[in-house]
Amino acid sequence: MTSVGDELPTIEVTITRADLVRYAGAALDFNPIHWNERFAREVGLPDVIAHGMLTMAVAGRVATDLGGEIVSYSARFTRPIVVPDDDKGAVVEVSGKIGAINDDGTLRIDLVAKFDGKTVLGKPVAVVRPRS
């Protein structure tokens, strides 16, 4: 798969409250909007939300599943992923396609990350150097 326009396999990733706890510990990001429902609602959120960088990491998996290394990766946070306090969690669907093959052989991967049918990242783009 190395042609412009090639679609990458779509993945679905479930994020649970337990995942938020593990991510907070690894990232040392203990902002209460990621674990305290009362606080999240007091600041205008509908409920506890996933960490933005966790969202980016989940979306980046589509690019890393190609193999090789990510050279650069950017996105804007446009909508939060609300993570319910249940056993089902929040399902994030991520897809991507090869948007360009650069002169240096790297691939520009245009990503789409959705939660509840709505995009959660604006213009997520990864540049990947494929394995030789």
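The values are calculated or read from the model by the stated rules, or taken from the named source; none is laboratory data. Owing to the predicted nature of the structure, the values given are computational and were not obtained by experimental measurement. Cβ coordinates were reconstructed from backbone atoms using ideal geometry, including for glycine residues, and neighbour counts include every protein chain displayed.
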Can you confirm whether region 113-125 contains a residue that is over 16 Å from the mean Cα position of the chain (by Cα) and at positive phi? no
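Quick check on ARG79: is it within 18 Å of LEU121 (Cα to Cα) and among the charged types (D, E, K, R)? Outline the logic, then answer.
Working: within 18 Å of LEU121 (Cα to Cα): yes; among the charged types (D, E, K, R): yes.
Considered against the rule, which asks whether it is within 18 Å of LEU121 (Cα to Cα) and among the charged types (D, E, K, R), ARG79 comes out as yes.
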Can you tell which of ASP116, ASP103 is within 30 Å of SER132 (Cα to Cα) and of a type in the set (Asp, Glu)? ASP103
For VAL92, are the conditions met, namely being surrounded by 19 or more Cβ atoms within 10 Å (Cβ to Cβ), over 21 Å from ARG131 (Cα atoms), touching a Leu at 6+ places or on another chain (Cβ under 8 Å) and modelled with pLDDT of 95 or more? no
The lone exception for GLY99 - which of (1) free of Cβ contacts under 8 Å to residues at least 60 places away in the same chain; (2) farther than 17 Å from GLU12 by Cβ; (3) part of a strand (DSSP E or B) it fails: (1)
Can you tell me which residues in region 102-132 are touching a residue at least 40 places away in the same chain (Cβ under 8 Å), more than 28 Å from VAL43 (Cα to Cα) and assigned to a loop (DSSP other than H, G, I, E, B)? PRO130, ARG131
Every pair of residues 6+ apart whose Cβ atoms lie under 8 Å, when the first sits in region 53-69 and is at positive phi while the second is crowded, with 19+ Cβ neighbours inside 10 Å and not polar (S, T, N, Q): GLY68/VAL128
Output the number of residues of region 98-107 satisfying the condition of being surrounded by fewer than 18 Cβ atoms within 10 Å (Cβ to Cβ) and at negative phi. 6
